[in-house]
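Have a look at the structure below before the remarks.
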Amino acid sequence: MPTTPFSPPTPGDYGEFYETYVSRFQPQDFLNAFAQQADTLVDLMGDLPPGEDSRLHPPYTWTLKQLMGHLIDCERIFGTRVLRIAVNDPTPNPGMEHISYVENLDYEAVSMSELLAEFGNLRRANVLLAKRLTSASLANVGTASDYPVSANANLFIMGGHVAYHLEIIRQRLGQQS
């Protein structure tokens, strides 16, 4: 199977809002780095002391379980965006109100290991999707959150979103990156 060419997107490939994420994720080996993020989350949060995953760490307003739930929700939505844009579905992809997800889904009712497994399964599915994308499908541009975005840029946004939150998780846990 030919290697799918992933290259860091240029600012015109995505809305300016997403630069926060894209700038944090510019790996040489995209697929490996993208897949590795699920393992990094397990390494950081798979063996926390009891109660640490449900504790607030001021100034943050979400527990680590809620933060993990946020990553899960975004992985689902961003993955759908990649698929729809890659196949040239012209339907605009709406934005998401991420706070509503955290307020209405009970992440505290499940264990951190279940949340990490759920994210890992979603990320593995998105890696498998990414492996099937061609150069042409990666170049397709759609609309997400009222911004034009290519399928390729959306993959880098996904990776950057997790990288952004990994920085926060490390700070919360007092770890260096």
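FYI, it's all coordinate maths here, none of it is from the lab. The structure presented is a predicted model; accordingly, all values stated were derived computationally and were not measured. Cβ atoms come from the backbone with ideal geometry, glycine included; neighbour counts cover every protein chain shown.
Relative to the longest principal axis of the C-alpha atoms of the chain, give the angle of the C-alpha long axis of helix 64-86, reported between 0 and 90° and rounded to the nearest 10°.
So the inclination is approximately 10 degrees.
If r is the Cβ-Cβ distance from Leu105 to Glu16 and R0 is 41 Å, what FRET efficiency results, to the nearest 0.05?
Step by step, r from the Cβ atoms, then E = 0.90.
Helix 151-172 against the longest principal axis of the chain: what's the angle in degrees, Cα atoms only, rounded to the nearest 10?
Orientation of helix 151-172: about 20 degrees from the principal axis.
Express the C-alpha Rg of the stretch 57-141 as a ratio against the empirical globular expectation 2.2 N^0.38 Å, rounded to two decimals.
The reported ratio for this selection is 1.27.
Placing one identical point scatterer on every Cα of the chain and ignoring solvent, what is log10 I(q)/I(0) from the Debye formula at q = 0.10, 0.13, 0.14, 0.16 Å⁻¹?
After summing over all Cα pairs, the log10 values are -0.38, -0.64, -0.74, -0.96.
Between beta-carbons, use under 14 Å as the cut-off and find the net charge around Tyr14, counting Lys and Arg +1, Asp and Glu -1.
That works out to -2.
If R₀ is 30 angstrom, what is the calculated FRET efficiency for the pair Asp39 and Thr80, using the beta carbon separation as r and rounding to 0.05?
Rounded to the nearest 0.05, the efficiency is 0.80.
Which of Leu129, Ala163, Leu116 sits farthest toward the positive end of the charge dipole of the chain, with +1 on the Cβ of Lys and Arg and -1 on the Cβ of Asp and Glu?
Value computed over the given set: Leu129.
Suppose each label sits 7 Å from its Cα in the direction of the beta carbon; what would the Trp62-Thr91 distance come out to in nanometres?
2.5
Relative to the longest principal Cα axis of the chain, at what angle does helix 30-45 sit, 0 to 90 degrees, rounded to 10?
On a 0 to 90 degree scale, this one is about 10.
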